[in-house]
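Structure first, then comments.
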Amino acid sequence: EDKRNIEMRKNYEAGVLCKFILADKARREKLDAEPAEFEVPFGWSFDGSSEPLKISLTNGEEISIRGRIDRIDISAGERDKKVFIIDYKPSPGALKRIREKIKNNSPNLQMPIYSMVAKRKYGSIESATFLAVRGVKEKEGALQINSCEVKESEEDTVALISKICDNIFSGQFA
């Protein structure tokens, strides 16, 4: 019985992943973009080749931020290349929480930080988007990915990071 349940679960998960891959392919075709990089490190490399994102705080201190960007897509056009940052989330519920934070003016630093990293490499960013792997729906005959685009200015992001760091430096953690 357990083997049968495991096999059914594997088949279900394979179907979820296949739907996501097909929907993502259609999304990329509309953008005329292809994946260029996966698991892009900043500040996390064994050979020291990956520089962290360095941010100068309003108090004059400098911090280094390290992480990995799930995926960077680049449009195929030679003249007007566009760069798209992608971060995978496991479910629509994760995107719902992100949307609620944005709606309530709560900061989301993940995508703005990823955008700052990618801008240093590519010059400009077309969009930074969370994609939910689960929850792909069929709409008007096409598969649709549940997504959430995040737009924050670099100045606002640096100001918020500075405020957070100032609070930490002064012992205020709430």
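Rg over Rh for segment 34-115 works out to 1.03, using Cα positions for both radii and the Kirkwood form for Rh.
Report the relative contact order of the chain, percent, no decimals, based on alpha-carbon pairs under 8 angstrom and at least 6 residues apart. Relative contact order for the chain comes out at 21 percent. You can think of it this way: the chain between residue 46 and residue 68 has 6.6 nm of extra reach, that is 0.36 nm per residue less the Cα-Cα gap. Remark: relative contact order (segment 1-66) = 17 percent; criterion is Cα-Cα distance under 8 angstrom and separation of 6 or more residues.
Extension gain, residue 22 to residue 165, is 47.3 nm, computed as 0.36 nm per intervening residue step minus the present C-alpha separation. From most to least packed by mean Cβ count within 10 Å, the peptides 65-75, 126-136, 9-19 give 126-136, 65-75, 9-19.
When you count the other C-beta atoms within 10 angstrom of each residue and take the mean per peptide, 103-112, 53-62 line up highest first as 103-112, 53-62.
Return the tail of the calculated pair distribution for segment 50-174, meaning the percent of Cα-Cα pairs more than 20 Å apart. Result: 53 percent of Cα pairs exceed 20 Å. Share of carbon and sulfur in the accessible area of the chain stands at 51%, probe radius 1.4 Å. Think of a 1.4 Å ball rolled over the protein heavy atoms: the chain then has 65 Å² of accessible area per residue.
The values are calculated or read from the model by the stated rules, or taken from the named source; none is laboratory data. Keep in mind that what you see is a predicted model, and the values were worked out from it rather than measured. So basically every Cβ, Gly included, is an ideal-geometry build from the backbone, and we count neighbours across all protein chains shown. Side chains are part of the model used for accessible areas, which takes the heavy atoms of the whole protein and leaves out ligands, DNA and RNA. Shrake-Rupley method; radii C 1.70, N 1.55, O 1.52, S 1.80 Å.
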